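Worksheet for the structure shown next.
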Amino acid sequence: MPFDPEAVREFERTGWNRAAATYAATFAAASRQFIEPLLDAPGLDAAGVVRGTAVLDLCCGPGFVAAAAHARGAIATGLDFSPAMLAEARSRYPAIAFDHGDAEAPPYDDASFDAVVSNFGIHHVPRPCVALNEVHRILRNGGQFAFSIWSGRDENIAWKLVFDAVERHGDPRASAAPPPGGGFASPADCLRALDAAGFEPRTATLVRGVWRHADAASLVAAFRGGTARMAAMLEAQAESAMPAILAGLEAAAASWRDKDGQLAVPIACVIAAGIKR
């Protein structure tokens, strides 16, 4: 199937509109734990997001990163293409400006921001290279861009558990989702993309976390309620296959139970950053 950026854009927008109302109660427990490392932009000499920084939260979703920047005293703005996500953000954080727009064409003048951050948003953009070039344009000289992506399954056990269970008991290709345009699967991919967009110096750091769940059903529910592409894959599974998928996932996850009987599943992301010179 040929790559169609508009099909990807519409798929992602539809998925995130659907997830907006349930994201905070489901998937946010995974993504929010990486906000502070993202704002500190590990590995660069430049300061992270601090008081007085004019910062854009790109692909802001319900506004959690913008709110964390605001709490540091930064002048925060959020941008997202999902009207439902923007409604959530504006309701939660009325003191912050949240704009409707696309990461490939942000509606801002050149050199508008001291920093741009994106927490697990860039790999959902149809053409990340276009978005990175636009980030470079709207940053001031010396400004910093930092973004996070989920690392591969070897580091990201929550994803591995779900994918392995679906591959054994279901059909990982059942979804009609268009092929993604992301192209980010490793720190090296992030560094190459930053280099191509003109950022120097650049860094990419692996950051680890733990995602806690009562059981396999809770983990699956979090993916279904708070993602776009993973949710589409899970929703596309035959109803008759789901008991085996959940049972297989539960058995595979047993080694990750803590002393309280909860699943304590390792997750990890890459935080990549670069400076506009």
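Derivation of every value follows stated rules applied to the coordinates shown; laboratory data play no part. Only a predicted model underlies this, so the values are computations on that prediction, with no experimental measurement involved. As a convention, Cβ positions derive from the backbone with ideal geometry for all residues, glycine included, and neighbour counts pool all protein chains shown.
At 37 °C and 0.692 mPa s, grab the translational diffusion coefficient of region 195-235 from Stokes-Einstein with a Kirkwood Rh over Cα pairs, rounded to a whole number in µm² per second.
247
By how many nm would the segment from R257 to A174 grow when fully extended, if each residue of separation counts as 0.36 nm and the alpha-carbon distance is taken off?
Details: separation 83, 0.36 × 83 = 29.88 nm, distance 3.00 nm.
Net length gain for the segment: 26.9 nm.
Tally Lys and Arg at +1 and Asp and Glu at -1 over the other residues with C-beta under 13 Å from the C-beta of R257: what net charge comes out? Mind showing how you got there, number by number?
Numbers: positive: R212, K259; negative: D215, E250, D258, D260.
Overall, the nearby charge balance is -2.
Which log10 I(q)/I(0) values does region 5-276 give at q = 0.07, 0.09 Å⁻¹ under the Debye formula, counting every alpha carbon as one identical point scatterer?
Log10 I(q)/I(0), no solvent term: -0.24, -0.40.
Would you mind calculating the gained length between A188 and A87 on full extension (0.36 nm times residue separation, minus the Cα-Cα distance), in nm to one decimal? Walk me through the intermediate numbers first.
Numbers: separation 101, 0.36 × 101 = 36.36 nm, distance 3.54 nm.
Between A188 and A87, full extension yields 32.8 nm more.
Around A244, under 13 Å between beta carbons, what's the net of Lys plus Arg minus Asp minus Glu among the other residues?
Values: positive: R168; negative: D164, E167, D171, E239, E250.
With Lys, Arg at +1 and Asp, Glu at -1, the net is -4.
Taking only Cα atoms and a 10 Å spring cutoff, compute GNM fluctuations for the chain and point out the largest among G183, G121, G143.
With Cα springs under 10 Å in the chain, the top fluctuation among G183, G121, G143 is at G183.
Quick check: the angle from helix 83-92's long axis to the longest principal axis of the chain, C-alpha only, nearest 10 degrees?
80
I want to verify a result. In a Gaussian network model of the chain, Cα cutoff 10 Å, which of these has the top mean-square fluctuation: A174, A74, A197?
Highest fluctuation among the options: A174.
For region 1-60 and region 147-203, compute the distance between their C-alpha centroids and round to whole Å.
First find each Cα centre; the distance between them is then 14 Å.
For helix 128-138, what angle does its Cα long axis make with the longest principal axis of the chain, in degrees from 0 to 90 and rounded to 10?
Around 30 degrees separate the two axes.
Please build a GNM for the chain, connecting alpha carbons under 10 Å apart, and tell me which residue among G225, G63, G73 fluctuates the most.
Of the options given, G73 has the highest mean-square fluctuation.
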